[in-house]
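The values are calculated or read from the model by the stated rules, or taken from the named source; none is laboratory data. Just so you know, these numbers come straight off a predicted model, no measurement behind them. Note that each Cβ is placed from the backbone with ideal geometry, even for glycine, and that neighbours are counted across all protein chains shown. The protein model used for the area step is the full one, side chains on, heavy atoms only, and it has no ligands, DNA or RNA in it. Shrake-Rupley method; radii C 1.70, N 1.55, O 1.52, S 1.80 Å.
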Amino acid sequence: MTRRLALVVVLALLACAASAQQGQKPPVRSIAQVTGGLYRVQNNEHYTVFYVTPAGIILADPISADAAAWLKAELARRFPNVPVRYVIYSHHHQDHASGAAVFDDTAELVAHENFAAAVKAAAPKDPRYAAVVLPESTYRDRRTITLGGRRVDLVHPGRMGHAPDFTVLHFPGERAAFVVDYIAVRTVPGSNTLQNGAPIGEYVSAIRAVEALDFDIAVAGHGPVGKKSDLGDHRQYFERLAERVSAAIKAGRTLEQVQAANIMGEYKDWIEYDEDNDINVANAYKTLSAAAPPR
Ligand SMILES: [Zn+2]
Ligand SMILES: [Zn+2]
């Protein structure tokens, strides 16, 4: 190694150490067209969508204050004089719903009617909810928003353990739907999904509510974009988990035996399998044992 190269390496290492120390790893951000006027936005592990119409932009989750400020500048650059007219929250969780304040000058903030109460319940335990702006209009079951001749249907899929206030965004003109957290593509449900006795059947029916819509492209709030059939696969994970854990409980198996038996082994290639599958089995075992105690 030349002395000059050694110096460069040392400086690079120092820069890495400094940024790691200060937690200054730059965020991974991007904007990609899904189809037509529909775009997907990445901010690290979180994704949202926006829909460009001749009369303005319809944005789903703002994600965070920093992401929203960055996105606002990107939109102004890429689509000059096309203001954001709507911000539509997928659900109240602060890691998706923060930062809408920067769009509030031009946009109407929209959410399911359970959103505000859910924020109120969560906020005292988590100061990050200060960045979540409450909606200016709400709906109960369904709502259609039209802008510049384009349309988005807001569909409440029902409450489930993850949140009581989900909105699925259906873009009929683009044959696409945006779904967050309670559905993902080729990804095992997260470890908090079935905690605290959350009924598995609520997830199954909330996914069926999306499957009933007419679309082809499934855009998720985390992980890969997929097809509508990926949502059916996600529902089937819940159904198989419930069936197999119930059968094991009836057969008198302990949780440790059920986990050792790899009863969901065909999902081993799904994202987060190693992190979350055993926890889902444990949560399902607990919930289903309470419903039908082992003999
Ligand atoms: Zn969430
Ligand atoms: Zn999430």
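A compact table of results
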quantity	calculated
Residue under evaluation residue 147, criteria (1) in contact with a Pro (Cβ under 9 Å, 6 or more places away or on another chain); (2) among the aliphatic types (A, V, I, L, M); (3) in contact (Cβ under 8 Å) with a residue 60 or more places away in the chain; (4) within 16 Å of ligand 2 (Cβ to nearest atom), criterion not met	(4)
Qualifying positions in segment 129-146 - closer than 21 Å to residue 68 by Cβ and in a strand (DSSP E or B)	132, 137, 138, 145
Selection status of residue 274, open to solvent by less than 70 Å² (accessible area, probe 1.4 Å) and closer than 17 Å to residue 193 by Cα	no
Residue list for segment 114-157, restricted to those being closer than 21 Å to residue 202 by Cα, among the small types (Gly, Ala, Ser) and surrounded by 14 or more Cβ atoms within 10 Å (Cβ to Cβ)	118
Those residues of segment 277-291 which are of a type in the set (S, T, N, Q) and crowded, with 23+ Cβ neighbours inside 10 Å, in sequence order	277, 280, 283
Hits in segment 258-295 (condition: more than 28 Å from residue 186 (Cβ to Cβ) and assigned to a helix (DSSP H, G or I))	289, 290, 291
Segment 185-198 - residue that is open to solvent by 60 Å² or more (accessible area, probe 1.4 Å) and out of contact with any helix residue (DSSP H, G or I) (no Cβ under 7 Å at 6 or more places or on another chain) and, of those, farthest from residue 45 (Cα to Cα)	196
Selected residue [in contact with a Lys or Arg (Cβ under 7 Å, 6 or more places away or on another chain) and crowded, with 16+ Cβ neighbours inside 10 Å] from 249, 263	263
